Amino acid sequence: MVAMIEGLLTKEQVQTIAKRLFSAKFADGSMSGGPLGKEIKKNTQVAPNSPEYRELADFVLSIIKQNEKVAINAIPRRILPPIFASYTEGHRYGDHVDAALMGQWPGMRTDLSMTIFLNDPGAYQGGELVLITDFGEQVYKGKAGDAVLYPTHYRHRVNPVTKGRRMAIVTWMESMVRDPARREIIGDLAAVMERLVATKGDEELMLRVEKARLNLLRMWADS
């Protein structure tokens, strides 16, 4: 299941990040692209040893951890420090699947990937995030502050940027519910509950839906 989370970052938060990125040191991003990195990945990223990196990473992680839609759709157990990526003309990231384990040894299992857009679609041409799913290709190019949350096992790419500069944040999550089908069921029940609350639905029905969601979470979650 793919979730579009609109306004994960507010306009003010995007501006704060942009100001810090303006003075940050960027390095070749192909080094984090796995064995095929140099062949398929052309971009730059804020260097982890940059003085701005830790401050930016902590800032973004705190926002992600407080977001209700992320909590409902991802049920995150752990979240990796994000990557701050820049794509200018000619940059791209070809078809690939993200690593199953990331971070310090022995590594964190990656169940979900998240891309957060840092500038509006009109700021650059190309640069779409393309997910290759069982239902065909899904293309995303969100507004500044919007995020796409998707299963890490999807093959995906970033189309070549033909003009302007694409700025984005990427991170990965380990979910307490490993199975994506089970996560989708829990997420669907949460969406039904949200709708029932918004429309002032039947109270007994709401209690039953929430009971089902919580009991499934209790059965399937690995805390």
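The values are calculated or read from the model by the stated rules, or taken from the named source; none is laboratory data. Remember, predicted model here, so these are calculated numbers, not experimental data. Cβ coordinates were reconstructed from backbone atoms using ideal geometry, including for glycine residues, and neighbour counts include every protein chain displayed. Areas reflect the complete protein model, heavy atoms only, side chains present, ligands, DNA and RNA absent. Shrake-Rupley method; radii C 1.70, N 1.55, O 1.52, S 1.80 Å.
Sort out for me the strands (runs of 3 or more DSSP E) sitting completely within region 33-106 that have 2 or more residues that are open to solvent by 60 Å² or more (accessible area, probe 1.4 Å) and among the basic types (Lys, Arg).
Per the criteria, 76-79.
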Reported set for region 197-223 where residues are in a helix (DSSP H, G or I), within 29 Å of ASP111 (Cα to Cα) and either in contact (Cβ under 8 Å) with a residue 12 or more places away in the chain or not basic (Lys, Arg) (or both) is VAL209, GLU210, ALA212, ARG213, LEU214, ASN215, LEU216, LEU217, MET219, TRP220
Of those in region 115-129 that are open to solvent by 10 Å² or more (accessible area, probe 1.4 Å) and of a type outside the set (D, E, K, R), the residue nearest to VAL70 (Cα to Cα) is LEU118
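With the structure loaded, tell me whether ILE186 is of a type in the set (Val, Ile, Thr), outside any loop (DSSP other than H, G, I, E, B) and closer than 15 Å to ASP111 by Cβ or whether it fails that test. Don't jump to the end; show me each part of the working.
Working: of a type in the set (Val, Ile, Thr): yes; outside any loop (DSSP other than H, G, I, E, B): yes; closer than 15 Å to ASP111 by Cβ: yes.
Answer is yes for this residue.
Out of VAL192, VAL177, I need the residue that is surrounded by 15 or more Cβ atoms within 10 Å (Cβ to Cβ), in a loop (DSSP other than H, G, I, E, B) and touching a residue at least 12 places away in the same chain (Cβ under 8 Å). Which one? Steps first, please.
On the way: VAL192 fails: in a loop (DSSP other than H, G, I, E, B).
On inspection, the qualifying residue turns out to be VAL177.
Looking only at region 160-173, decide whether some residue is in a loop (DSSP other than H, G, I, E, B) and open to solvent by less than 50 Å² (accessible area, probe 1.4 Å). Please lay out each step first, then the result.
Within region 160-173, the subset in a loop (DSSP other than H, G, I, E, B) is 160, 165.
Then drop every residue that is not open to solvent by less than 50 Å² (accessible area, probe 1.4 Å), which leaves none.
Looking through region 160-173, none of the residues is in a loop (DSSP other than H, G, I, E, B) and open to solvent by less than 50 Å² (accessible area, probe 1.4 Å).
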